[in-house]
Amino acid sequence: MRSPRVAIVDGHLFTPAGIVHDTLLLEAGRIVAVGGADAEREGATVIDAAGGLVVPGFQDCHVHPVHAGLEMLACDLGGLSSREEYLARIRAYAEEHPAAAWITGGGWSMEAFPGGIAQAGDLDDVAPGRPVYLPSRDGHSAWVSTAALRAADITRDTPDPTDGRIERTPDGEPDGTLQEGAMRLVADLVEKPSQGDVEQALLLAQDRLLAWGVTGWQDAMVGASNDVPDILPAYLELARSGRLRARVVGALWWDRTRGLEQIEELVEKRARAAEAGFRAEAVKIMQDGVAENFTAGMLEPYLDGCGCVTANSGKSFVPPELLAEASVRLDALGFQLHFHALGDRAVRESLDAVAAARAANGEHDHRHTLAHLQVVHPDDVPRFAELGVVANLQPYWACHEPQMDELTVPFLGAERARHQYPFGALHRSGARLASGSDWPVSTADPLAIVHVAVNRALVEADGGYAEAFLGEQALSLADAITAHTAGTAYLNHDEEHSGELVAGKVADVVVLDRDPFEHPLAEVGLTEVAHTLVGGEVVHSRDAR
């Protein structure tokens, strides 16, 4: 019989008042004492933290677990980094699944290919005659085979959709990469996973997240996407059956191909979710694309490879007037607005939409949020605090790596590139910060993410210091951990119940194998999760792997 009482001893407790070297006592799914509980250890299950940092369960403010799980169940290219590795994995998968109608999966990175463009011919070599559809790790591009292009009847004469682009060879033929809305031309032909597949993927992803110490999140795409059916039923089934262990808020998907008529459906979905005990209280609106494929919405045009100004300033997937009107309506109905806003124009359009909602409806505690924030014009930094908008950060991207240095900075230009990921400026301006991953775009490991937030550089295996990317925008270690715990709890309107080691809050707790505050900042990312507890129950232990 599992003890209803758990004592975590010899831990360095990360509390709102600072680090306390003491015992944490958990009982009946709640924190009952933070320090001073040694006398109450009798009859408790004891977990020895061995001097490691004990933190509230990490919470991810923007993540896609179902998409990550489905990739893991299919041809998973995550964790690989080169064209050669991708092709070897695809060849092996094709040989292992000779009867599959389509080869699907994904997770490739643009930086592995010249100019970020993957070629159909490579897929034809490793999966001859097979239709292949593989979204990139960020979900904004797809790598497809010649058989897939033929199945979709995509030729040199096929026009680009208004919200996407078919990449082409110099003579105009489709070359195998589809950007943004062009992905649908092939995705619509691929058989979508069943609800059983989606539930399996969600459970697989939940296990992975719990192993990383992530006990709560906001799912940033609860709806149907190019190659995935509506995932809300899977969340409702797992919530009803008690298999959803994490604390989750779902952001219902705004279909950018439709208009205000979908609001009634979103209200119905929110009510249906509430009946099942699942909170679907946000609406996700994707306002632009990504900088690497020149679809992030920019105030000024992109540059070309020679540094000359182009005619392309990226996309606004929702016209600003409609964005404002939708925001006013959704805000009035009590929804939290969750914008994908990566370029500086998309950030401004989204902030303007929030301002319109406040002007029309007055101030409400909806905690609207803008995610990604790759390029933010300095004039817009103070508007986050002024409008009560939560800055929804994905810190892992704020570093030097090929996608940044080769596929982004040269096309933004030096001056605009200095406006990227201004986490420090946002924090200093008084903005609320929440931290997350956008997994499977990149890892959901909070310690790797926190490492980049404080170092503005990726983890070096030997703990050495790498060159910082705009180091003046780094966060302190305490602020980065807080953003990835209490910050997301606040975003999810759950701060009264989770996000801090405070008596009375839920016993979602993570024990780390060391105290990163006692080591150089360059070693933060070498820290690992020793134990994850949800409601006082151990759901992951490193030693049990």
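Derivation of every value follows stated rules applied to the coordinates shown; laboratory data play no part. Everything numeric here is computed off the predicted structure, so don't read it as measured data. Backbone-built Cβ (ideal geometry, glycine too); neighbour counts: all protein chains shown.
Using the Stokes-Einstein relation with a Kirkwood hydrodynamic radius computed over Cα pairs, the translational diffusion coefficient of region 74-187 at 20 °C and a viscosity of 1.002 mPa s comes to 156 µm²/s. In straight-distance terms, cross-link reach from LYS505 covers every one of the aspartates and glutamates whose alpha-carbon lies under 13 Å from its own, apart from those fewer than eight places away in the same chain; here that gives GLU27, ASP494, GLU495, GLU496. Length available on full extension from HIS364 to ASP462: 0.36 nm per residue minus the Cα-Cα distance, which gives 30.5 nm. In nm, to one decimal, how far is the HIS400 label point from the ALA503 one, both placed 7 Å along Cα→Cβ? It is 5.0 nm.
The fraction of all Cα pairs in the chain landing in successive 20 Å bins from 0 to the largest distance is 22, 56, 21, 1, given as whole percents. With axes computed from alpha carbons, what is the tilt in degrees of helix 344-361 against the longest principal axis of the chain, rounded to the nearest 10 within 0 to 90? For 344-361 against the chain, the angle is about 60 degrees. Placing unit charges on each Cβ (+1 for Lys and Arg, -1 for Asp and Glu) gives region 276-491 a dipole about its Cα centre, and among ASN293, LEU393, SER327 the Cα reaching farthest toward its positive end belongs to SER327. Charging the Cβ of each Asp and Glu at -1 and of each Lys and Arg at +1, and nothing else, the dipole of region 276-491 about its Cα centre rounds to 560 debye.
Cross-link reach is defined here as a Cα-Cα straight distance under 18 Å, omitting same-chain residues fewer than 8 places apart; for LYS192 the aspartates and glutamates meeting it are GLU71, ASP76, ASP227, ASP230, ASP255.
Can you give the log10 of the normalised intensity I(q)/I(0) at q = 0.17, 0.22 Å⁻¹, computed with Debye over equal Cα scatterers of region 15-149? The computed values of log10 I(q)/I(0) come out as -0.84, -1.31.
When only Cα pairs below 8 angstrom with a gap of at least 6 residues are kept, the chain shows a relative contact order of 17 percent. If the chain linking ALA271 and GLN195 were pulled fully straight, counting 0.36 nm for each residue of separation and taking away their Cα-Cα distance, it would gain 25.3 nm. Between ALA50 and ALA332, the modelled label-to-label distance comes to 5.9 nm, taking each label 7 Å out from Cα in the direction of the beta carbon.
State the Cα centre-to-centre distance between region 368-436 and region 36-111 in whole Å. If we compute the Cα centre of each part, the gap is 26 Å. For the chain, the share of DSSP beta bridges that are antiparallel, to the nearest 5, is 50%. Restricting region 120-193 to trypsin sites (Lys or Arg not before Pro) that sit in a DSSP loop and have at most 15 other Cβ atoms within 10 Å of their own Cβ leaves ARG156. On the beta carbon distance between ASP171 and GLU518, with R0 = 56 Å, the FRET formula returns roughly 0.40. Along the charge dipole of the chain, which of GLY105, ALA280, TYR465 sits closest to the positive end, that is, farthest toward it, with unit charges on the beta carbon of Lys, Arg, Asp and Glu (+1, +1, -1, -1)? After comparing all options, I get ALA280. For region 407-545, the alpha-carbon radius of gyration amounts to 1.15 times the rule-of-thumb value 2.2 N^0.38 Å expected for a compact globular protein. Translational diffusion coefficient of region 129-222 (Stokes-Einstein, Kirkwood radius from Cα pairs, 4 °C, 1.567 mPa s): 85 µm²/s. Placing +1 on the Cβ of every Lys and Arg and -1 on the Cβ of every Asp and Glu, with nothing else charged, gives the chain a dipole about its Cα centre of roughly 920 debye.
Taking amide H as placed 1.01 Å from N in the peptide plane, the amide H of ARG279 sits under 5 Å from that of GLY250, each at least 5 places away or on another chain. Put the Cα centre of region 179-200 next to the Cα centre of region 219-245 and the gap is 15 Å. Considering only VAL144, VAL198, ALA187, the residue lying farthest towards the positive end of the dipole of region 104-228 is VAL198, judged by Cα position with unit charges set on Cβ.
Modelled label positions at GLU84 and ASP10, each set 7 Å beyond Cα in the direction of Cβ, lie 4.7 nm from each other. Relative to the dominant Cα principal axis of the chain, helix 320-332 is inclined by about 30°. Each residue of region 202-210 was assigned a 3J(HN,Hα) from its phi angle through the Karplus curve 6.51 cos²θ - 1.76 cosθ + 1.60 (θ = phi - 60°); the sequence is 5, 5, 4, 5, 4, 4, 5, 5, 4 Hz, with glycine and proline shown as x. Between 0 and 90 degrees, the angle of helix 232-241 with respect to the longest Cα principal axis of the chain falls at about 20 degrees.
Helix content alone sets the calculated 222 nm mean residue ellipticity of the chain: runs of n ≥ 4 DSSP H residues at -39500 (n - 2.57) each, divided across all residues, give -8000 deg cm²/dmol.
Compactness check for region 349-493: Cα Rg over 2.2 N^0.38 Å is 1.06.
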